[in-house]
Every structure is written in structure tokens, then in C-alpha cells.
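Right, one structure below, let's go through it.
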């Protein structure tokens, strides 16, 4: 059995005439240590899919398993524990807490962990060091650039060494050079064994992934696999529906 | 870093909000402490005054006639058919249920004696009990022993006697050991001698004319005690002297009720300020709460952050409110009592209660906002950006 399994995931919002079928039966498997990019146009359902993979958004139908755990059969508190133990989140808009220093922001996932403050601080400083911000631990988010804020978001996501990193448009707000740096960082983390699932609409960013899942109108339309450097194999899964809100 | 650190850092960052929260609770706690302190201090003042009254229960012989005296002027109404009070009956007062409340029992033997060409009222008293019953007495000289007397100031002047003088009354030689400074009462006109001496001179062995009782009045049931003493002294008419005090106590009780009502309103307003401020704070922090939940905070962790913030501000408000209330009481006290010797002092117990009350109030008013914060769906919270 694969490390991550999605079986016919469905997500609807609203009811009656206002019903929106954001995700309409997506299935896939991801092995441990993979780097997968999820691509699609705005409104294609990729962010909804990522939130379901992040144990944040209960699907209307289907099953989502990680390490053979049916995530949505867990209680809310158990899902919170799962997020803390298994997942690291990198949000598109960084989502740093403005009144906390970089070190304190990175320490957030450790707040509810029983450990000495000094140990937590050392872990946060180590994570910041890994993303190249070891010399700015006492600064506030407002005192650093957007690219650096994204790095802090990555440091926060990896501070407790989660097996899976979920990234939502991690380069969406960055210039091309900074985007390249961030993608290099994610590749490095993947090379160290971390499973990475990244939502992006950037072809350039997607090149860093070994597999690309394309979504359109809430369904998985095709999949690309990197066989070796610059050689990709594409397989069509399903044609997109014409009218997703019908 | 802990949840407490997050709460502290958030308060530090949102200073204006924290100050508003603090002000809401501070006004509430200050008002409650000030009103409560004022009532307590006034109660203490009245209790002190009550204690200075000395005797607050009188036992006089039963009579079927009405007194014909008014304002110290006798119109000739002498009471006949008086029942007697026996000393043996008075001794039974030590057996009543509230005997512990009896601070002093002073039997009095009264009679008229002839000193030279003048008639004077002789009063035989227990001088040990008199110290409690008449604390305002200032005796120049010494308390008398057997066959010795002290004189009221007017009696000394009228009889031309002073300390050390000897005189004869009803065939008995007596020595003046002291003179009581003017009291402005009937005591100024009386000769006081030990009870046994007076009983011997007046032929009242084993009997007394009346008795005074000083009951410890703070929380003591005067009416109950009057009834209990009446039961053991059948020849006596027992009266509680408490009309003035009772009136003041009733006024105070009205004031206390008003205080409670005002306090309740102020506390309600304070709670609403906390509720509204915390609700606003939670709404402002939707994104932050979404992040907390996304990175693995349980709902209980979010509740704890909100409640910790409320508790921290409330504790500070409680402490400051206590001192604010104390200061307000000190400033307001002169308008409520004329007593110069009454003051408000720091009470650790009341300070602790104020802090505890403030924290409980803050927590109570913040419970709903905290639950609201915990109920925020992390996905919705993050999508709402």
C-alpha cells in the first residue's frame, strides 16, 4: 500500500442551485519520499484538494489515507495531532504571526510539544539556519523581505521534521530568482527524504517535482512522471467536465 | 515558547485593546471594592460606637405604674408595687444560651441617704463591671473599697467634699477616694460605693434595684438575649437599648443593598466590555487562529490562549482595582462618617478576593469568545484571508 492514498475524493460547497463541485472524484497514490506537484488553473480545485490532504477540509465523499490512517475517521483533536506530527504547511501568503520574531514563528509547531524551551529554541534556530536565515532569528516578519518570509514559512513547516510537507503556491508571490531559491530548498528537503506535495500554477516551479498531477474542473486530467533528467512521461487520466457547477 | 508566551506577546502587541480590556475590568473592580470597603468601614464605625455605649441591656424591677418623669424632671410619679430583683436571679444570667456574649453584668443598689443636711442618691455598684459598663468614666483618685466612695462631680461640689475627706451617711462613716470627672449624665449627682456597702446601708442585702448588662454587640442577637434574661430574672423588666443603633444599622442595610445593586450593574457593564473586546479580538485574529489550528493546535489550545490573555489582564485589573477602590474609599469616607479614628487599611484577604473576583469575571466573560475562537474551522479561517 502506498504512503498516501486518495480514493475518489469529492468536495462540494453549498447546496441546491448554489452547489459548487470543487473536487469530483479524484484518486491517486503517492509514495514516501516523492515530490509531487499539483497543477491547474485558478478554480480548478487544487487548493481544495491540498486542504483535504492537510486534514483541514472534510471531503464530501471518498477516503484519504496517510500511512494507512484514514484521516477523516479521526476526531478533530486527533486530526490536529496528525497535522502536528505528520505535516508541515507552507502557505502562499506566508502566514507568519506579525508580533512574533522569526524564531518564535518557527517555534509555533513546537508550542504544544513537551520539551524544554531551550531545546525548542535550538530546533527553531537550526531550522532557520537550514533555510539560510540563521542570522535573523530575532527579527520580526515585517523586517525581512518576501522571499525571506517564505523561507521562514518553510523553516516553520520543517522545524519538527514532519514526514510530509504541503506547499500552497510557495513561489506565487516571489520574483523568479527568489522562486528558484525556494524550489532549490524544497528539492534539498525532498532529497533528504521528505515527501513534498506542492500546489502551483507555475510550470517552472513544477519542474522541480518528480511527478505532476494536473487538475481541471475538479478532476485529475493527466499525470506526468519524470523518468530521468528532462524526460517526462505523460498519461491522460480523464477529460475535464464541461460545466463543473451544473 | 508556551501558550502563555503567545498570550503575553499578543497582549504586548495589542496594547490599546489590552488597555481597553483592563479599563473595563478596572472600573468594575474599583467600584465594587470601594463600595464594599465603604460599607465595611461604616459597619465597623457603628460597631465601635455601639461598644462605646457601654451597657446595652437594662434590667429594672417590674412595675405596674408609668413613670412620671420627662427630660430629667420628676412630676411626682413614684412607682409602687415594684417587684424585686434578687442577686441570686442575676447569677443565673451566666447560664443563658448566649452567656458568652455577656461582657459585663453590673448590679446596682440605689437609695437615698442623708449627708449633713442634704439628701443624696447612693449607688452601690460592682466597680469591676463598671469599667466595662461606663468606659467614659474618668476617676480622679482611686476606686473605692468597703466603706469608701467616689463622688460624681456635682455631688462633690454640692457636698463640699474632696478626695481623702471623711463623712457620715445613714450612720456609717465613709471615706472619699476619688471624684468622677463631669460626664453630663445623672452620674454627676450620685455617690458611688461598692455594692455590699450600699446594700448594708440601704437594708437591701441579697437584692438590687436594677442591673446593667454589656453584651458584645457585633453580630449578637440582642432581642434573643433580652428574652433569655427575662426567663431567668422573673422579677425584672429587661430592655435592649438599641433603638439608635438599630436605626443606623437599618440605614446601613439599605445602603448595602444599594451598594450591591450598583456593584451588580457595574460588574455587568464590565463583563460586557470584556465580552465585546474579546469578541473583537477573536474576529481580528481569525487568520492567526487558522494558522494555529493548521499547524496542529487543538481547540483546547486556542481556548487556553484566549482565556490566558483574559486571566492575565483580569489579574492586573484586580490588583489595580483593589488599590483604586481603597483610595476611593479613603477619599469618600469623610463624607460618610464624622469619626476621626476610623480608617481603611490594606487587607491581603480583600486584595486576594478582588484579584480572584476579577479573574473569574474576566474568564466568565471571555468563555464565549474563547469557544467561538475554538470553533473556527481552520480551513475557513485560512480561506477567509
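Consider region B:193-210 and keep the residues that are more than 39 Å from the chain's Cα centre (by Cα) and in a helix (DSSP H, G or I). The one that is surrounded by the most Cβ atoms within 10 Å (Cβ to Cβ) is B:201. Residues being over 26 Å from residue B:313 (Cβ atoms), modelled with pLDDT under 90 and within 32 Å of the chain's Cα centre (by Cα) are represented in region B:345-357 by at least one member. Per the conditions (1) crowded, with 19+ Cβ neighbours inside 10 Å; (2) part of a helix (DSSP H, G or I); (3) more than 14 Å from chain A (Cβ to nearest Cβ), the sole criterion not satisfied by residue B:305 is (3). If the condition is being buried (at least 18 other Cβ atoms within 10 Å of the Cβ) and free of Cβ contacts under 8 Å to residues at least 60 places away in the same chain, then region B:347-360 contributes B:351, B:355, B:359. Summed over region A:85-107, the residues that are touching a helix residue (DSSP H, G or I) at 6+ places or on another chain (Cβ under 6 Å), part of a helix (DSSP H, G or I) and within 7 Å of chain B (Cβ to nearest Cβ) give a count of 1.
Matching residues to (1) part of a helix (DSSP H, G or I); (2) touching a residue at least 12 places away in the same chain (Cβ under 8 Å); (3) more than 33 Å from the chain's Cα centre (by Cα):
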position	(1), (2), (3)
B:297	no, no, yes
B:328	yes, yes, no
B:331	yes, no, no
B:362	yes, yes, no
B:365	yes, yes, yes
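The C-beta contact set for region B:1-15 (first residue at the interface with chain A (Cβ under 8 Å from one of its Cβ atoms), second residue assigned to a helix (DSSP H, G or I) and surrounded by 15 or more Cβ atoms within 10 Å (Cβ to Cβ), distance under 6 angstrom, 6+ apart or interchain) comprises B:1/A:104; B:1/A:107; B:3/B:304; B:3/B:305; B:6/B:305. Every listed requirement among (1) at pLDDT 85 or above; (2) over 30 Å from residue B:272 (Cβ atoms); (3) surrounded by fewer than 18 Cβ atoms within 10 Å (Cβ to Cβ) is met by residue B:77 save one, (1).
For every residue, the table says whether it meets (1) at pLDDT 90 or above; (2) part of a helix (DSSP H, G or I); (3) surrounded by fewer than 20 Cβ atoms within 10 Å (Cβ to Cβ).
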site: A:128; (1), (2), (3): yes, yes, no
site: A:133; (1), (2), (3): no, no, no
site: A:156; (1), (2), (3): yes, yes, no
site: A:161; (1), (2), (3): no, no, yes
site: A:166; (1), (2), (3): yes, no, no
site: A:177; (1), (2), (3): no, yes, yes
site: A:181; (1), (2), (3): no, yes, yes
site: A:186; (1), (2), (3): no, yes, no
site: A:205; (1), (2), (3): no, yes, no
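Is there a residue being facing chain B (nearest Cβ under 9 Å) and closer than 17 Å to residue B:2 by Cα anywhere in region A:154-162? Yes.
The values are calculated or read from the model by the stated rules, or taken from the named source; none is laboratory data. In this text, all values refer to a predicted model and were calculated from it rather than measured experimentally. Cβ coordinates were reconstructed from backbone atoms using ideal geometry, including for glycine residues, and neighbour counts include every protein chain displayed.
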